[in-house]
Every structure is written in structure tokens, then in C-alpha cells.
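Read the structure below first, then the notes.
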Amino acid sequence: MPPFSEFPAIFAALRGLLERNASKLTVIEDSANRYCLEGGSHPTHKKPMPIAWVQIGKGYVSFHHMGVYARPALLKTVSKELRARMQGKSCFNFKTVDEALFSELEELTIRGFDAFRKAGFMP
């Protein structure tokens with residue numbers, strides 16, 4: 001079975017993770033391939049900014065979290081397995097469903113959202 005056959009299940013799990021923790025964030029895109037949350041104000045541009053999103057790409061499903069980008073100290077406790085899924089400063093890529101890593105990513109997302117709230121970047 002090709003690896004992309006799991007992409008809809010990965011996307012659904014990661015989308016659910018964001019839905020459960022969206023709080024007062026606004027859904028700005030909700031399609032079959034992308035789910036994006038926006039909220040707060042960009043510190044420089046003073047406009048609403050995307051905070052977290054998940055999208056299906058050609059080779060993987062990516063999960064982006066700007067809280068990790070803005071507060072890299074949040075990554076200090078991340079497992080080497082989850083860190084191995086990182087691309088860049090705020091993106092995690094998945095080709096298969098991995099409930100343990102998704103659970104860890106949800107905890108990281110909650111901490112990232114909390115950090116953004118405390119910094120005044122999101123409601």
C-alpha cells in the first residue's frame with residue numbers, strides 16, 4: 001500500500017488535535033487538505049496571523065505550530081522521535097499514523113498555545 005494512503009487518517013487525527021485545542025482561535029481554512037487556525041495579532045504587522053495548521057502535501061502531512069517557532073525553548077522536552085519529524089523551526093511531517101507522537105504533539109501544542117496567550121499573541 002503506498003504511504004500516501006494513510007494521509008487522510010493522519011490529517012484527520014492532527015486536525016482533531018487542533019480542533020480540541022482551538023479555544024478562541026478562528027478557523028480560516030477548513031478543506032479536505034488544509035485546516036488552519038488564526039488568532040491574535042502579529043507583533044510587528046499588527047494583523048491576525050496563522051497560529052497552527054495541518055495540511056496534506058505530496059510526500060507527507062505537515063503540522064505547523066508558530067508557538068514552537070516563537071518559543072523554541074518549548075522543544076527542550078520533546079522526544080528525539082518527535083524531533084526527527086521536524087522540518088525547519090515549526091513544522092512536523094508525518095507519513096504514517098503514530099498515536100504516541102500525536103499525543104506528544106498535542107501536549108506541545110497546548111504548551112505553545114499557552115505561551116502565545118501569556119505573550120499576548122492570541123486570545
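Taking the numbered list (1) open to solvent by 60 Å² or more (accessible area, probe 1.4 Å); (2) closer than 13 Å to residue 112 by Cα in turn, residue 95 passes all entries but (2).
For region 66-85, the candidate set comprises residues that are open to solvent by 100 Å² or more (accessible area, probe 1.4 Å) and at pLDDT 90 or above; within that set, the residue that is farthest from residue 117 (Cα to Cα) is 80. For beta carbons closer than 9 Å, sequence separation of 6+ or different chains, a first residue in region 47-60 that is free of Cβ contacts under 8 Å to residues at least 60 places away in the same chain and a second that is of a type in the set (Val, Ile, Thr) and assigned to a strand (DSSP E or B), the qualifying pairs are 48/26; 48/28; 50/28; 53/28; 54/61; 55/61.
Look at region 14-40: where a residue is without any contact (Cβ under 8 Å) to a residue 24 or more places away in the chain and a partner is open to solvent by 80 Å² or more (accessible area, probe 1.4 Å) and part of a loop (DSSP other than H, G, I, E, B), sitting 6+ places away or on another chain with Cβ atoms under 7 Å, you get 38/48. Kindly indicate whether any position in region 18-27 is among the acidic types (Asp, Glu), surrounded by fewer than 16 Cβ atoms within 10 Å (Cβ to Cβ) and more than 25 Å from residue 100 (Cβ to Cβ). There is no residue in region 18-27 that is among the acidic types (Asp, Glu), surrounded by fewer than 16 Cβ atoms within 10 Å (Cβ to Cβ) and more than 25 Å from residue 100 (Cβ to Cβ). Of all the criteria given as (1) touching a residue at least 60 places away in the same chain (Cβ under 8 Å); (2) surrounded by fewer than 17 Cβ atoms within 10 Å (Cβ to Cβ); (3) closer than 22 Å to residue 23 by Cβ, the one not satisfied by residue 114 is (1).
The values are calculated or read from the model by the stated rules, or taken from the named source; none is laboratory data. This is a predicted model, so every value here is computed, not measured. All Cβ positions, glycine included, derive from the backbone under ideal geometry; neighbour counts span all protein chains shown. Calculation scope for accessible area: heavy atoms of the full protein, side chains included, ligands and nucleic acids excluded. Shrake-Rupley method; radii C 1.70, N 1.55, O 1.52, S 1.80 Å.
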